[in-house]
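Notes follow the structure.
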Amino acid sequence: MDDDELRRIREARLQELKSKRTPQDDKQDEMKAAALSQILQQDARERLNRIRIVNSERAEKVEQLLMRLAQSGQLQGRISDPDLVHLLNKMSQQEQQSSKLVFSRRGNDFSDEEGDVISSKDAKDESDDDFFD
C-alpha cells in the first residue's frame, strides 16, 4: 500500500466513525481530551494517539485508567512518555498473567472411544493379547 491509499482508507474510516456519533458523544470527547491534556505531556499524548490508531480498545483502557488515577489523586504532575510506556508495560504484564491457560495432564493415560481412561499399564496388557497370533 502506498501513502495515498492509506490516507484515503483512514479518511473513510474517520468519516464512518463521525457519522455514528451524537453531539453528546462529541461533548464527552472534548471533556476527556481537555482532562488528558492536563494529565499527559505532549509526547505522551502523541504516543496515546498512535496507540489509538492501531488499537482503539487499548487506548480507551489507558485513558480510563489515567482518568481514575487523576480523579483519585494518585498522579503527581503530568505523565511523560517514559511514564506512559512504563504504564503500558505494566498493563500488558497484567493482561498476560490473567490470560494464561493451564493444561493438566494425567501422566501416560489414554482414553478409549467411550471416554474411559485407560492407564498405560492397561494399554500394555491389551497389546499382549494373542488375538493376531
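The values are calculated or read from the model by the stated rules, or taken from the named source; none is laboratory data. Source: prediction; values computed, not measured. Please note: Cβ atoms are built from the backbone with ideal geometry, for glycine as well, and neighbour counts cover all protein chains shown.
Here are the numbers:
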{"item": "The range 64-81: number of residues that are closer than 15 Å to residue 48 by Cα and either touching a Ser or Thr at 6+ places or on another chain (Cβ under 7 Å) or surrounded by 12 or more Cβ atoms within 10 Å (Cβ to Cβ) (or both)", "result": "7"}
{"item": "Filtered residue count, the range 77-91, keeping only those that are among the charged types (D, E, K, R), over 14 Å from the mean Cα position of the chain (by Cα) and part of a helix (DSSP H, G or I)", "result": "2"}
{"item": "Candidates 70, 33, 59, 44, filtered to the one that is at pLDDT 85 or above and more than 26 Å from residue 93 (Cβ to Cβ)", "result": "33"}
{"item": "Residues that are part of a helix (DSSP H, G or I), surrounded by 11 or more Cβ atoms within 10 Å (Cβ to Cβ) and hydrophobic (A, V, I, L, M, F, W, C), drawn from the range 36-63", "result": "36, 39, 44, 48, 51, 59, 62"}
